[in-house]
Amino acid sequence: MEALGGKTRPGGTRERRPAAAADTATREVAVFEAATRVLAGVALRSLDALGGSVSLPQFRLLAVLGERGKARSTEVARALGLDRSAITRLADRMVAAGHVIRGSDPAHRSVVTLTLSPSGQQIVTEVGTRRRRELTKILSRMPAADRAVAADALAAFTRAAGAGYGVFAVG
């Protein structure tokens with residue numbers, strides 16, 4: 001019977017996990033941490049052109065709305081892993097900036113909906129273009145076979161993370 005950290009022997013004692021397995025797990029986490037730093041750098045650089053007018057958390061809200069279209073604020077909060085009050089404050093700032101339109105559901109007046117304004121859509125488009133350009137530049141430095149393996153691994157990683165990280169579907 002498998003147990004975390006090794007196998008359980010008859011009598012309930014555990015074998016220790018081999019050092020090689022622990023080293024592999026440590027290496028895997030370290031590689032993903034490094035990739036996270038690179039991807040965060042790409043995300044932040046793609047926002048630089050906006051001159052600081054939109055923060056990364058604010059952009060995440062815009063990106064979710066860009067992907068979903070009109071959505072209930074509770075759905076957006078769930079997609080971003082935020083509570084209702086946090087999404088309300090974030091949406092308030094984006095409504096005040098003119099990037100998000102707040103509405104209500106005609107069938108349920110207490111339901112708050114959010115949708116991108118034209119300026120919000122322009123930001124999502126511009127940042128997405130910059131991000132794809134930056135990623136393309138990095139990927140061009142890799143052999144095609146490595147790119148394919150990396151894409152498959154990151155697709156699996158993204159699926160494992162799930163919707164709580166603001167991702168809805170991965171090819």
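Numbers for the structure displayed
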| quantity | calculated |
| --- | --- |
| Condition check for R109: among the basic types (K, R) and part of a helix (DSSP H, G or I) | no |
| Out of R93, R60, R78, sole residue that is open to solvent by 60 Å² or more (accessible area, probe 1.4 Å), assigned to a helix (DSSP H, G or I), modelled with pLDDT of 90 or more and more than 16 Å from Q122 (Cα to Cα) | R93 |
| Contacts under 7 angstrom Cβ, first residue in region 112-126 being within 22 Å of L44 (Cα to Cα), partner among the aromatic types (F, W, Y) and modelled with pLDDT of 95 or more, 6 or more apart | none |
| Of all residues making up region 2-56, the number that are modelled with pLDDT under 55 and at positive phi | 2 |
| Pair list, Cβ under 6 Å, 6 or more apart: region 57-85 residue free of Cβ contacts under 8 Å to residues at least 12 places away in the same chain, other residue open to solvent by 20 Å² or more (accessible area, probe 1.4 Å) | A77/R84 |
| Pairs with Cβ under 7 Å, 6+ apart, first in region 33-48 and in contact (Cβ under 8 Å) with a residue 24 or more places away in the chain, second of a type in the set (A, V, I, L, M, F, W, C) and open to solvent by less than 90 Å² (accessible area, probe 1.4 Å) | V42/L135; A43/L56; S46/V127; L47/V54; L47/L56; L47/F59; L47/V127 |
| Among (1) over 22 Å from L56 (Cα atoms); (2) modelled with pLDDT of 95 or more; (3) surrounded by 12 or more Cβ atoms within 10 Å (Cβ to Cβ) - the single one A148 does not satisfy | (3) |
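Listed here are the residues, each with its yes/no results for (1) within 30 Å of D152 (Cα to Cα); (2) aromatic (F, W, Y); (3) assigned to a loop (DSSP other than H, G, I, E, B).
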{"residue": "S104", "(1), (2), (3)": "no, no, no"}
{"residue": "T113", "(1), (2), (3)": "no, no, no"}
{"residue": "I123", "(1), (2), (3)": "yes, no, no"}
{"residue": "V127", "(1), (2), (3)": "yes, no, no"}
{"residue": "I138", "(1), (2), (3)": "yes, no, no"}
{"residue": "M142", "(1), (2), (3)": "yes, no, yes"}
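The values are calculated or read from the model by the stated rules, or taken from the named source; none is laboratory data. Worth saying up front: this structure is predicted, and the values here are computed from it rather than measured. Cβ: placed from backbone, ideal geometry, glycine included. Neighbour counts: every protein chain shown. For accessibility, only protein heavy atoms count, side chains too; no ligands or nucleic acids. Shrake-Rupley method; radii C 1.70, N 1.55, O 1.52, S 1.80 Å.
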